[in-house]
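> To start, I am sharing the structure in question, which I have written as structure tokens.
The values are calculated or read from the model by the stated rules, or taken from the named source; none is laboratory data. The structure presented is a predicted model; accordingly, all values stated were derived computationally and were not measured. All Cβ positions, even for glycine, are placed from backbone atoms using ideal geometry, and neighbour counts span all protein chains on display.
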Amino acid sequence: MFTLDNISLKLEVDEKVIPILHDVNLQFEAGKMYALTGPNGSGKSSVARVAMGIYQPTGGKVFLDDEDITNLGISERARKGVGYAFQQPPRFKGMQVKDMLGYAMKYSDGFNCQVLRQIGLCPDDYSERTLDSSLSGGEMKRIEIATLLAQNPRVRIFDEPEAGIDLWSFEQLIDVIGESHREDTTTIVISHQEKILNMVDEIVLIEGGTVSMRGDRETIWPRIKESAECACKKNCRLEENLYADCPR
Ligand SMILES: Nc1ncnc2c1ncn2[C@@H]1O[C@H](COP(=O)(O)OP(=O)(O)O)[C@@H](O)[C@H]1O
Ligand SMILES: [Mg+2]
């Protein structure tokens, strides 16, 4: 069981403290697949960053089974079996793809050397490429996903794996995520894609920095649409006020 217990997160930006997450309570069971979804800026990646130890929560605790891992850093959490594929993977000048995969494999309990191929990249073409700006966004994204597959952690979090990936690779990606999910794995996919929402056991809706709903696709989907429509109406009303005095 992977647990986020009453998490809150505030970040200091330009000397101002900004609330990002509040009262986030989530339990993820081993063997199950989850999707985190919700509007842009609602806090999904921040939840993942708190789970991975990139952000230290302002309040609350993170548990892996019964162990409190709140104060552990990223490497220690990786060693214990928590892995995260970034929404926007960082680039590392001078580091080769094979180095990155080799590093991830240190934490792995059963590396599958086919990870690059699985994700649609030929190992001969990519293993000696450098993780710098010479790789396209889609290539970086696929290498990031391959790295998480190589790490093969008990708790794995994919942050919008579909972003920047072409349609053909997307189909392949869904298969790879599904097929690599084991009985003792917890898979959490942050996504807006209906196909991903359809393949998981449970969907968690994040709105305004907290969990607003959990359920299956049929329950959550109308709520997402309603939320998008509300945001649109609110913005339109704002615009009407802003431009009320303007000559038409
Ligand atoms: N390091 C940061 N500095 C300033 N604001 C941040 C930072 N990280 C996240 N935020 C803000 O927190 C909110 C939630 O962001 P995020 O978790 O990335 O949303 P999502 O992944 O749901 O699109 C956004 O308003 C974002 O701008
Ligand atoms: Mg995000």
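> Starting from residues that are out of contact with any strand residue (DSSP E or B) (no Cβ under 7 Å at 6 or more places or on another chain) and surrounded by 19 or more Cβ atoms within 10 Å (Cβ to Cβ), keep the ones in the range 91-104 and report whichever is modelled with the lowest pLDDT.
Among those residues, the one meeting the criterion is ALA104.
Here is a yes/no grid of residues against (1) within 16 Å of ligand 1 (Cβ to nearest atom); (2) within 29 Å of ASP216 (Cβ to Cβ); (3) part of a loop (DSSP other than H, G, I, E, B):
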| residue | (1), (2), (3) |
| --- | --- |
| ASP23 | yes, yes, no |
| ALA78 | no, no, no |
| PRO89 | yes, no, yes |
| TYR103 | no, no, no |
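> Still on this structure, please answer the following. Could you grab me the full set of residues in the range 149-165 that are within 16 Å of ligand 2 (Cβ to nearest atom) and either within 14 Å of SER180 (Cβ to Cβ) or among the charged types (D, E, K, R) (or both)?
Selection gives ILE157, PHE158, ASP159, GLU160, PRO161, GLU162.
> So, one more: Would you mind listing the strands (runs of 3 or more DSSP E) fully within the range 121-233 where at least 3 residues are surrounded by fewer than 22 Cβ atoms within 10 Å (Cβ to Cβ)?
In the range 121-233, 210-215 are the strands (runs of 3 or more DSSP E) which contain 3 or more residues that are surrounded by fewer than 22 Cβ atoms within 10 Å (Cβ to Cβ).
> Is there any pair linking a residue in the range 201-213 that is free of Cβ contacts under 8 Å to residues at least 12 places away in the same chain to one that is hydroxyl-bearing (Ser, Thr, Tyr), with Cβ under 8 Å and at least six apart or on different chains, and which?
Listed pairs, sorted by first residue: MET213/THR219.
> Okay, moving on. Could you tell me which numbered condition ALA30 fails, if it satisfies all but one of (1) in a loop (DSSP other than H, G, I, E, B); (2) touching a His at 6+ places or on another chain (Cβ under 6 Å)?
(2)
> Take the conditions under 20 Å from VAL211 (Cβ atoms) and away from ligand 2 (no atom under 16 Å from the Cβ) and apply them to PRO39. Does it pass?
For PRO39, the condition - under 20 Å from VAL211 (Cβ atoms) and away from ligand 2 (no atom under 16 Å from the Cβ) - is not met.
> Can you say whether GLY43 is touching a residue at least 12 places away in the same chain (Cβ under 8 Å) and within 12 Å of ligand 1 (Cβ to nearest atom), as far as the supplied structure shows?
Yes, satisfied.
For (1) surrounded by fewer than 16 Cβ atoms within 10 Å (Cβ to Cβ); (2) under 17 Å from the mean Cα position of the chain (by Cα); (3) modelled with pLDDT under 95, each residue gets a yes or a no:
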position	(1), (2), (3)
LEU36	no, yes, no
ARG49	no, yes, no
PRO89	no, yes, yes
SER108	no, no, yes
